[in-house]
Structure formats: structure tokens, C-alpha cells
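Everything below concerns the one structure shown next.
The values are calculated or read from the model by the stated rules, or taken from the named source; none is laboratory data. Since the model is a prediction, treat every value here as computed from it, not as a measurement. Cβ sites come from the backbone with ideal geometry, for glycine too, and all protein chains shown count toward neighbours. Calculation scope for accessible area: heavy atoms of the full protein, side chains included, ligands and nucleic acids excluded. Shrake-Rupley method; radii C 1.70, N 1.55, O 1.52, S 1.80 Å.
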Amino acid sequence: QVQLKESGGGLVPPGGSLRLSCAASGRILDLGDMEWYRQAPGKQREWVARIETNGDQFYADSVKGRFTISRDNAANTVSLQMDSPKPEDTAVYYCHAIIMIAYGGTYRTFWGQGTQVTVSS
């Protein structure tokens, strides 16, 4: 079985920077598309960014130009660089990945447990 674990969250001032990481462990034959989501108090979980297997990146309008998603296939990780964060970026951030766990094209979806990001002076 595969597990995802986020790290790097914490308190950051507006205009600062923070880098989140998500490491996958277990039986990983191939990494498919990987994503970041977030959920703020009292709000629904929202999609933040996606990086596909070919490296193409996609972002929600709310973070475009400020956040950067990247992946390291050798290390089985996906990261989110947060530059110039705003108070409205405060949320629990979750990583999501599509992973091949068996030969023959058997892909499954996995979620991390989340890491808290608080943007405040």
C-alpha cells in the first residue's frame, strides 16, 4: 500500500515564503499526476495546483503567479513553493496523487493527511 505525508507547514507572515513537501512511500511503480488541495475553516476543499507526468503545470486563479508546483520522481515527492502568501491562503493543505501500484496499468488515487499553513503577521 502507498502512503502520502505532507510536511513544511507552519506560521508565515504575509509577503514571506513557505515550501510544502509531500513524500510518497510504499509500493510505487509509477507516479502519475500530482496535485495540491486546501481547505480553509468553514469552506469547502478547493483545488490549488496540478503537475502532470510530462511536467505541465496548472494553477487556480487565486494562486497563479505566487505558487509553484514541482515534482521529483526519483524521490517520489511533490512540492508547493508559496511566495507572497496572503491571509486568505490560510488553510490545511493536502497532497493528492495518482500512483501505479501494480504492473499492467493499475493506478490508484491517494491523499495525504494535510499540513496546516497559517498566514499572519
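Laid out as a table, the results:
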| read-out | value |
| --- | --- |
| Relative contact order computed over the chain (Cα-Cα under 8 Å; 6+ residues apart), in percent | 37 |
| Chain lengthening between GLN3 and TRP47 when straightened (0.36 nm per residue, less Cα-Cα) | 13.8 nm |
| Solvent-accessible area per residue for the chain (1.4 angstrom probe, square angstrom) | 53 |
| Size of charge dipole - region 1-72 - debye, nearest 20, with Cβ of Lys, Arg +1 and Asp, Glu -1, no other charges | 300 |
| Karplus (6.51, -1.76, 1.60) ³J(HN,Hα), θ = phi - 60°, over region 23-33, in Hz, Gly and Pro reported as x | 10, 9, 9, x, 7, 10, 8, 6, 9, x, 4 |
| Total charge dipole magnitude, region 12-121, about the Cα centre, Cβ charges on Lys, Arg, Asp, Glu only, Debye to nearest 20 | 240 |
| Candidates THR90, THR109, THR68, ranked by Gaussian network fluctuation over the chain, Cα under 10 Å, top entry | THR109 |
| Projected-area average for region 48-121 over all orientations - Cα convex hull basis, square nanometres | 5.9 |
| Among TYR103, ALA23, PHE58 the positive-end extreme of the charge dipole of the chain (Cβ point charges) | ALA23 |
| Cα pair distances of region 4-90 binned at 10 Å [whole percent] | 16, 50, 28, 6 |
| Accessible-area composition of region 1-79, carbon plus sulfur, in percent [1.4 Å probe] | 44 |
| Sum of side-chain charges, ASP89 neighbourhood, beta-carbon under 13 Å (Lys, Arg +1; Asp, Glu -1) | +2 |
